[in-house]
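Asker: One structure follows; several queries about it will come next.
The values are calculated or read from the model by the stated rules, or taken from the named source; none is laboratory data. None of the values given here were measured: they were computed from a predicted structure. Note: accessible area is taken over every heavy atom of the protein model, side chains too, but ligands, DNA and RNA are not part of it. Shrake-Rupley method; radii C 1.70, N 1.55, O 1.52, S 1.80 Å.
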Amino acid sequence: MRSRLASVLGAGALLATAVLVPASPASAAPSFRVPFPCNQNWSGQTRTNHSPQYAIDFNRTDDHGDPVKASAPGTVDVVTNLGDTSYGRYVRINHGGGYTTYYAHLSGFNVSVGQSVNYGTTIGYVGNSGGSSGSHLHYEQRLNGSDIKVRFSGNLALYWGTQNYVRTAGC
């Protein structure tokens, strides 16, 4: 009887501990910045038929070859060329806490896998590679592999339509 009572009390204490101990807080999202040099004006377009849904396509006049900047500190974990399909030349940066960013359709790279980057590090150049139909930057933010609505300096991007974006943070 005593050992059964001790067992029940022990299980109860374990259950109380599991219920009373708070879960670890989720990692805060990085404060992402527009992925271009300071004070440049870029048109960002979102549309319901985009893949993935929450990606933004950035354009401006004569943008081919313009520098693309890291939108937050992190480690480059993909630099690849898929040829004439999909993203073509693209870079992925791991920002920790499950957050990654994708920069696709590049004309060239300026980083390598394993490299640490900071805000404003040039990671590549706007291009027309892969399944693109014209020079632009395809940009995504993801959490644990799933695309999420893009935020810059904590502000939600415009969904669905076109808006101008200027990087002023950290300039």
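Asker: Rounded, prolate or oblate: which one fits region 76-142, using the alpha carbon gyration tensor with axes a ≥ b ≥ c (rounded when a/c is under 1.5, else prolate when a/b beats b/c, else oblate)?
Answerer: Verdict is prolate for region 76-142.
Asker: I've got another one for you. Counting just the Cα atoms, what span does region 14-171 cover along each of its three principal axes? Round to the nearest Å and put the largest first.
Answerer: Cα spread of region 14-171 along its principal axes, largest to smallest: 63, 34, 31 Å.
Asker: Sticking with this structure for a sec: What order do W160, W42 take when sorted by accessible area (1.4 Å probe), most exposed first?
Answerer: Sorted descending by solvent-accessible area, the residues read W160, W42.
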